[in-house]
Amino acid sequence: MSLTEDSQNYLRREVFKRFFALAPTGQDYFKQSSTRLYWITDQVVAMTIEMYEDPRKMVEELSALGLRNVGYGIPTEFFAPLVSASVEVVRTLTTEENAEDGFRWSLSLISRILVRTINEGSTIVMKAINTKSARQLEMAVACAPRGKRALWLLNITVGTQSISPFYWSIQSGSSESARAMLIDLLTIRADRDNYYYGSDHLFERHPDVVRRLCADAQALLHTLLDGMIWRSRLTLGGQRRVNFYLKHLIQDADGSFNQALEWMVDAGDPKILCHPVVVLFADLVWGRLVNKYFLLGKCWFLFTLLIFIISQSILQHLNEGFQDQETRTSIFALRCFIYLCSLGQLVRVQVTSVRKDIRAGNLIRLGGIIRIPEYWTGWKNVVALLLMLVLMFMLANEPIIYCLSHYDGQDHAGSVAASEAASAAATSASEQSSSGHRRLLAASVAAVNHNGELFTQYCPEGDGHLDNYAPASMVAMLLYWTLIVDLSVFSTRISAFVLVCGRVVSELALFIMAIFFLILAFASAISSLNHHNKDFAGIPKGMLSLAEITLSMYPTEHFDELLESPIVFAGVAVYTILASIFLLNLLVAQLNGAYQAVYGDMVGYARLNRGNIICQTMPVIPARRWRSWLATLRLDERLEFNEGDVGLAGGFQVLEPANANPT
């Protein structure tokens, strides 16, 4: 039977119209829009056809559909009127009896499969979930045997299909029922022979339960973590036994590192990372395993930073102006190391990461204008990109390269003699005044013939590039130091302080913008006056003078000149009141408010940062080292609850002060 577009529209309109006439109460369950009801009609027709084409696949899909309808709580009495209404409409569209009979048979079979699935899957737990009442759920599961409670709450199977009541309660928004289920699952029960604890069943049935809770029900994550803690009621010597059952947070079913920490870090909630279970779990992984590999990974960068400091800030200032050949050669060798190894590695990492994001389509729209690779959304990756560009600029302006063409081996002996003479002059100058020393040093430097020196930085072509090279070197040095801020992760207190500084820096940026606005406004205003003060002769000089006043660097003797022009003095006074009194105190208030806002969570943010580093470092740890460390935790050994009472495996026992968490 083929249907035209008009016939399809007629079928869509009439099916539910006749169904509601046969079963008026059905309108209480089908409260969707007309377009949704039309879509359901199209699916019904498609299923009747597919039942003939691939019946085995269709039965499995219908079983899954029936289990979903269990959660919706739709009575099975509505299927017969829906079948009758559909068949009546089809009868008006065709005169072929075979088409009508085939449609009736297929739809009746579908209806019977759905009714059977719903009847078998409608357990008392699912019915309690539909009431959205935690009390009803507790009453429903109260009659379950101790060994079967987890199965009742986690799995309903009909044929080859299954559904999780726990996941359905989350999906349907019945958070109170889901919380009651978690509490019931993670309550330790016992008889004389066994202990019963649903943690193993929960993570076996739902290995991704942490990810699901982080995405859809973060409020339940604390309930899950609380259920992994057992505290003894007995104390001994002011200490209390505490068992943390964190096996399934550390390892997955294959024995590899579980992604639970990564999911919690991605959730971005600092309070989750401060939960005692997560704190213990993360500290065990960090303190006993990851920190060594993280530091080992930073050793290369620290070595590179040391080489950069020696080449840029130490060696070039030894005997400045008349360096010996060994010093110049050392500077050249160290700079070659920086350009080849450090710059080369930065280029390789940037190109590889950006190409990977582009191929995967991981592009983020920046400001709604341009799209950039996701790799550049992390501040450390942006700093590394800036460092790479600055090092490229330094290589392009390297004065040693431009001075190589001036090397004259024949003048080398004369250059050495001149250098020795200049060095002797500098030594004698050290006994004179500092100003005389500077004049003599300048003269001695000018007297040296640099054309005879190999790897020198001083030549006519190099001098011009040196003016560009030196500031770039300073910027690169600051970027290098910025990239080692990750080492603060070794101390939660220091890491928290660094993160707080990063979160309040936006207030400082606003202050700087306001100060710049005032400086520009008052400098242009004062420059429009008719005065003879050289410090405010033009906008650039006026901005410089106002900046010096703001930073308390303005020469005190110049204030007398301000008094000669009262109008200039009045303008500077108003600026000082606005900048140094009003805006500065406003900055203090803003910083205080911003600090108070993040103070309560600053340790949590520090632990988020450490968790992120743990997740980034774990892939580089060898599998053999991971297995040996995992064996030291002895998670397969059963822990004692109290003396002589051997309990459950999968945990880690610690002692805490008896008054820390009274039970």
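The values are calculated or read from the model by the stated rules, or taken from the named source; none is laboratory data. Only a predicted model underlies this, so the values are computations on that prediction, with no experimental measurement involved. Cβ coordinates were reconstructed from backbone atoms using ideal geometry, including for glycine residues, and neighbour counts include every protein chain displayed.
Here 41, 48, 35 are screened, and the one residue that is at pLDDT 85 or above, assigned to a helix (DSSP H, G or I), out of contact with any Pro (no Cβ under 8 Å at 6 or more places or on another chain) and surrounded by fewer than 11 Cβ atoms within 10 Å (Cβ to Cβ) is 35. How about the range 138-239: which helices (runs of 4 or more DSSP H) wholly inside it have at least 3 residues that are crowded, with 20+ Cβ neighbours inside 10 Å and not hydroxyl-bearing (Ser, Thr, Tyr)? The helices (runs of 4 or more DSSP H) meeting that bar are 149-154, 165-171, 175-185, 209-216, 219-226. Look at residue 137 and say whether it is touching a Ser or Thr at 6+ places or on another chain (Cβ under 6 Å) and of a type outside the set (Gly, Ala, Ser). Against the criterion (touching a Ser or Thr at 6+ places or on another chain (Cβ under 6 Å) and of a type outside the set (Gly, Ala, Ser)), residue 137 qualifies. The residues of the range 134-152 that are of a type outside the set (Phe, Trp, Tyr) and under 23 Å from residue 76 (Cα atoms), listed by number, are 136, 137, 140. Residues in the range 264-305 that are touching a Phe, Trp or Tyr at 6+ places or on another chain (Cβ under 9 Å), within 30 Å of residue 338 (Cβ to Cβ) and not β-branched (Val, Ile, Thr): 291, 294, 295, 301, 305.
Could you please tell me which pairs satisfy a Cβ distance under 7 Å, a separation of 6+ or placement on different chains, a first residue in the range 574-595 that is in a helix (DSSP H, G or I), and a second residue that is among the small types (Gly, Ala, Ser)? Qualifying pairs under 7 Å: 583/514. Scoring residue 557 on the criteria (1) assigned to a helix (DSSP H, G or I); (2) surrounded by 11 or more Cβ atoms within 10 Å (Cβ to Cβ); (3) assigned by TED's automatic domain parsing to the domain that holds residue 495 leaves a single failure, condition (2). Here 562, 584, 591, 551 are screened, and the one residue that is out of contact with any helix residue (DSSP H, G or I) (no Cβ under 9 Å at 6 or more places or on another chain) and either assigned by TED's automatic domain parsing to the domain that holds residue 525 or under 18 Å from residue 518 (Cα atoms) (or both) is 551. Screening the candidates 296, 280, 289 for the property of being of a type in the set (A, V, I, L, M), more than 19 Å from residue 477 (Cα to Cα), surrounded by fewer than 16 Cβ atoms within 10 Å (Cβ to Cβ) and not assigned by TED's automatic domain parsing to the domain that holds residue 399 yields one hit, 296.
Considering 323, 316, the condition of being in a loop (DSSP other than H, G, I, E, B) and either assigned by TED's automatic domain parsing to the domain that holds residue 470 or farther than 17 Å from residue 400 by Cα (or both) is satisfied by 323 alone. Scoring residue 243 on the criteria (1) touching a residue at least 40 places away in the same chain (Cβ under 8 Å); (2) surrounded by fewer than 20 Cβ atoms within 10 Å (Cβ to Cβ); (3) not in a helix (DSSP H, G or I) leaves a single failure, condition (2).
As for the range 115-129, it holds at least one residue that is over 30 Å from residue 7 (Cα atoms) and out of contact with any helix residue (DSSP H, G or I) (no Cβ under 8 Å at 6 or more places or on another chain).
Please determine, by comparing only the residues of the range 112-135 that are assigned to a loop (DSSP other than H, G, I, E, B) and β-branched (Val, Ile, Thr), which one is modelled with the highest pLDDT. Among them, the one singled out is 123.
For residue 550, state whether it is polar (S, T, N, Q) and touching a residue at least 12 places away in the same chain (Cβ under 8 Å).
So residue 550 fits the description; yes.
Scanning the range 51-74 for residues that are small (Gly, Ala, Ser) and not in a loop (DSSP other than H, G, I, E, B) turns up 63, 64, 66, 71. So for the range 89-100 (the condition being among the charged types (D, E, K, R), out of contact with any Pro (no Cβ under 8 Å at 6 or more places or on another chain), in contact (Cβ under 8 Å) with a residue 12 or more places away in the chain and not in a helix (DSSP H, G or I)), does at least one residue qualify? Yes, the range 89-100 contains at least one residue that is among the charged types (D, E, K, R), out of contact with any Pro (no Cβ under 8 Å at 6 or more places or on another chain), in contact (Cβ under 8 Å) with a residue 12 or more places away in the chain and not in a helix (DSSP H, G or I).
Is it true that residue 377 is at pLDDT below 90, more than 25 Å from the chain's Cα centre (by Cα), surrounded by fewer than 18 Cβ atoms within 10 Å (Cβ to Cβ) and among the hydroxyl-bearing types (Ser, Thr, Tyr)? No.
Report yes if residue 11 is assigned to a helix (DSSP H, G or I), in contact (Cβ under 8 Å) with a residue 60 or more places away in the chain and more than 48 Å from the chain's Cα centre (by Cα), otherwise no. Considered against the rule, which asks whether it is assigned to a helix (DSSP H, G or I), in contact (Cβ under 8 Å) with a residue 60 or more places away in the chain and more than 48 Å from the chain's Cα centre (by Cα), residue 11 comes out as yes.
Anything in the range 346-373 that is in contact (Cβ under 8 Å) with a residue 12 or more places away in the chain and either farther than 24 Å from residue 301 by Cβ or not charged (D, E, K, R) (or both)? List them, or say none. Within the range 346-373, 346, 347, 349, 350, 353, 354, 358, 362, 364, 373 qualify. Would you check if there is a residue in the range 606-617 being exposed (fewer than 13 other Cβ atoms within 10 Å of the Cβ), without any contact (Cβ under 8 Å) to a residue 40 or more places away in the chain, out of contact with any His (no Cβ under 6 Å at 6 or more places or on another chain) and under 30 Å from residue 261 (Cα atoms)? No. Exactly one residue out of 30, 16, 103, 20 is outside the structural domain of residue 174 (by TED's automatic domain parsing), surrounded by fewer than 18 Cβ atoms within 10 Å (Cβ to Cβ) and in contact with a helix residue (DSSP H, G or I) (Cβ under 6 Å, 6 or more places away or on another chain): that is 20. Across the range 489-511, what is the number of residues that are of a type in the set (Ser, Thr, Tyr) and surrounded by 14 or more Cβ atoms within 10 Å (Cβ to Cβ)? Qualifying residue count, the range 489-511: 2.
In this entry, residue 644 is excluded by the filter for residues that are on the phi > 0 side of the Ramachandran plot, part of a loop (DSSP other than H, G, I, E, B) and either touching a strand residue (DSSP E or B) at 6+ places or on another chain (Cβ under 6 Å) or surrounded by 11 or more Cβ atoms within 10 Å (Cβ to Cβ) (or both).
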